[in-house]
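The block underneath contains the structure these notes are about, expressed in structure tokens.
The values are calculated or read from the model by the stated rules, or taken from the named source; none is laboratory data. Every value quoted in this text rests on a predicted model; they were computed, and no experiment measured them. Cβ sites come from the backbone with ideal geometry, for glycine too, and all protein chains shown count toward neighbours. In case anyone asks, the SASA skips ligands and DNA or RNA and just uses the protein heavy atoms, side chains included. Shrake-Rupley method; radii C 1.70, N 1.55, O 1.52, S 1.80 Å.
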Amino acid sequence: MSQAAEQAIIAIEGLRYVYHPQSSHPIQALDGIDLGIEAGDYVVIIGHNGSGKSTLAKHLNALLLPTSGSVSVKGIDTRQRSRVLDIRSTVGMVFQVPDNQIIATVVEEDVAFGPENLGVPEEELRSRVDWALDLVDMAEHRQRSPHGLSAGQKQRVAIAGVVAMRPAVLVLDEATAMLDPLGRQEVLAAVRELNRQGVTIVAITHFMDEAVEGQKVVVLDGGRIVMAGSPEQVFARIDDLRRLQLDVPHVTELAHELHQRDPSFPAVLLTVDELAGEVERRVQRPRAESRPAAAGTSGEFRPTTGEPAAEERSSQPPLIQVQDLHYTYMRGTPLETTALRGVSVMVRRGEAVGIIGRAGSGKSTLVQHFNGLLRPHQPGTVIVDGQDLAQPGVDVRRVRQKIGLAFQYPEQQLFERLVGDDIAFGPKKMGMPQAERRERVRWAMEVVGLDFEAFKDRFTFSLSGGEMRKAALAGVLALQPQALILDESTSGLDPRSRRDLLDRLLALHRDAGLTLILISPSMEDVAGLVDRVYVLDEGRVVMSGTTREVFGRAAELRQHGLDLPQVAAVAYELERRGLPIGQVPLTVAEASRELWKILSS
């Protein structure tokens, strides 16, 4: 073992791993990884879907063992099966899907499970559970059943259960993917505090703005490390990252655009404050604190002129109309939970509508009414394509063919052995002839970015998490529904795959009239895709309007646990500093134009 490896809390040398090595289709997931992680490090691992990130993470606490090479934790080789408990006491791991590690029927019991099994005394156990629940802001839900929580709330519980064990190393495998924006910030703040206390952090993420949190960024491609360095060093290589199907934070992309216009402008800036500060310095304006507040600094942009509301632009009749909808889970039991409280929304044919809100606000419950998975409680009505879903004789099967729903974990919709068979299942049930069915499958796979010949005969269980999500979404699209609901179903995709998929869906929306309904924790995705937005909080619609109108009300959004797209946040920070922008930008291109006006004036 090298001297550097001896000093590392985790040492990886020559790591190779092959899935199904004895089968006819072995998959080389890792191919010669050398990496040392020292105590107190904060390492971020990024890479496209299928690059080997999760496989690498599972080697860090001996969930997987090397095909060749070695992994050691505090000098213990992970292949020493007698030392597995020592390894897993040192390295705690939070998975992509929280349901995979939640086992108890009450939140606080689930959080207590790990430390209790480590033999933590009862008095200390209680204080650890309290501390961990406070850390992730879930103390008020301690007596609830985890399975009645939203996906984001479950993820917080999963994080609490791991940190309660006080591991020396915390591995987060896309553990913030399902959290709302402010929830993500709160968890990241907690992770930073743990790191300051000496906990080593290894974070896998597809959020590039999270990657800037690390001291070191490692980029994987094809099971190899192809780039490593500080966030500044890695994100300076924008073209290389894009060739690897990755991206940079929108702030960095915006700085790069301004650098293209003016080479003296820094090409690599990583945060909203850095970018706003650079602009302020260049125009040599005093800070907002030392002068009267400019128009708009109250947390709201002035109304945009000449931009009619989406309802006025569309003369199409409603496809989905919800009026005064209420819904309560487990009614009449001690675990009764009210999810919706008088919600009214409307989606016109051919629209792109966003539904956003903090974890547990009722978003998923609402959209599951759109295709009859949940039936409305009284009072309240849900009318889809003219059919009242409260009526007992309604043809729910026909409704579900018209309104496609991709769940928060779409990979859980896969059940056939082969990818092509799974995608073909819906068209087959519709009685579609085989030749037409094959072409429908090919079309759906092309839409989601899966090569038909390369993937149709792949085993579904052999796909990466992102590839599973694409395959499940293709299965929904193969029915060619009139409306497609994406319930956070793109969250596990790498940045370029997510952008490409959303661009393809946007093309279907524009060219074929597909109605899109998007739930996403990414405010950038919402800003770039939808025409109108509904904001939910505690089961109620608390804001609605065009996308620009909603993101023009920053203070109100933040009160409801949400945040802004990064480029809009830059505009608000400049407003605060006394450099107002005429309207809130929603894209990097818009922000670049607006900032250039300020800089060139």
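Quote the Stokes-Einstein diffusion coefficient, in whole µm² s⁻¹, for region 333-435, based on the Kirkwood radius over alpha carbon pairs, a temperature of 37 °C and a viscosity of 0.692 mPa s.
203 µm²/s
Can you tell which of 523, 478, 497 lies farthest toward the positive end of the dipole of region 437-529, using +1 and -1 charges on the Cβ of basic and acidic side chains (Lys, Arg; Asp, Glu)?
Working it through, the farthest residue towards the positive pole turns out to be 478.
Please state, to two decimals, what the Cα-based radius of gyration of region 5-96 comes to when divided by 2.2 N^0.38 Å (N = residues).
It is 1.07.
Do you know the relative contact order of the chain, to the nearest whole percent, from alpha carbon pairs under 8 angstrom that are 6+ apart?
16 percent
Which Cα, out of 319, 160, 433, lies furthest along the positive dipole direction of the chain (beta carbon charges, K/R +1, D/E -1)?
Final value for the positive-end residue is 433.
Average the reciprocal distances over every distinct pair of alpha-carbons in region 512-597, invert the result, and give the Kirkwood radius in Å.
Mean inverse Cα-Cα distance, inverted, gives 13.7 Å.
Solvent-accessible area per residue for the chain at a 1.4 Å probe radius, Å²?
Spelled out: the 1.4 Å probe surface of the chain, per residue, equals 42 Å².
Run the dipole for region 392-441 about the Cα centre, Lys and Arg Cβ at +1, Asp and Glu Cβ at -1, nothing else charged, and hand back the magnitude in debye, nearest 20.
Value, rounded to 20: 220 debye.
Please get the size of the charge dipole for the chain, origin at its Cα centre, with Cβ charges of +1 on Lys and Arg and -1 on Asp and Glu, quoted in debye to the nearest 20.
In debye, rounded to 20, the chain gives about 1020.
Using only the Cα atoms, what convex hull volume per residue in Å³ does the chain have?
171 Å³
Cross-chain or 8 or more residues apart, Cα under 17 Å: how many lysine pairs in the chain fit that? Count them up, please.
Step by step, the pairs that qualify in the chain add up to 7.
Pop the C-beta distance of residue 228 and residue 331 into the FRET formula with R0 = 41 Å and round what comes out to the nearest 0.05.
Working from the Cβ atoms, E equals 0.15.
So how far apart, in nm, are the two label points at residue 126 and residue 82 if each is 7 Å from Cα heading toward Cβ?
Reported label-point gap for residue 126 and residue 82 is 3.9 nm.
Once the dipole of the chain is set up with Lys and Arg at +1 and Asp and Glu at -1 on Cβ about the Cα centre, which of 64, 581, 151 lies farthest towards its positive end?
151
Taking the highest mean first, how do the peptides 70-78, 354-362 order by number of other beta carbon atoms within 10 angstrom per residue?
Put in order of decreasing packing, that is 354-362, 70-78.
With every atom except the alpha carbons ignored, what do you get for Rg and Dmax of region 415-495, in angstroms?
11.9, 37
How large is the charge dipole for region 185-271, taken about the Cα centre, if only the Cβ atoms of Lys, Arg (+1) and Asp, Glu (-1) carry charge, to the nearest 20 debye?
Dipole magnitude for region 185-271 comes out near 280 debye.
Strictly greater than 22 Å: what percent of every Cα pair in region 115-241 meets that?
So the pairs more than 22 Å apart make up 43 percent of the total in region 115-241.
How many percent of the accessible area of the chain is carbon or sulfur, using a 1.4 Å probe?
Result for the chain: 46 percent of the exposed heavy-atom area is carbon or sulfur.
For region 48-161, what size does the Cα cloud have along each of its three principal axes, sorted from largest down, in whole Å?
Over region 48-161, Cα extents along the principal axes are 46, 37, 21 Å.
To two decimal places, what compactness ratio does region 157-224 give when its Cα radius of gyration is scaled by 2.2 N^0.38 Å?
Expressed relative to 2.2 N^0.38 Å, the Cα Rg reads 1.11.
Output the antiparallel fraction of DSSP beta bridges having both residues in the chain, as a percent to the nearest 5.
Taking every DSSP beta bridge with both residues in the chain, the antiparallel ones total about 55 percent.
Rounded to whole Hz and in sequence order, give me ³J(HN,Hα) for region 45-59 from the Karplus expression 6.51 cos²θ - 1.76 cosθ + 1.60, θ = phi - 60°, writing x for Gly and Pro.
Computed from phi, the couplings for region 45-59 are 10, 10, x, 6, 4, x, 7, x, 4, 5, 4, 4, 4, 6, 7 Hz.
If region 443-601 were replaced by its equivalent ellipsoid, with semi-axes equal to the square roots of 5 times the Cα gyration tensor eigenvalues, what would those be, largest first, whole Å?
Values for region 443-601, descending: 34, 18, 14 Å.
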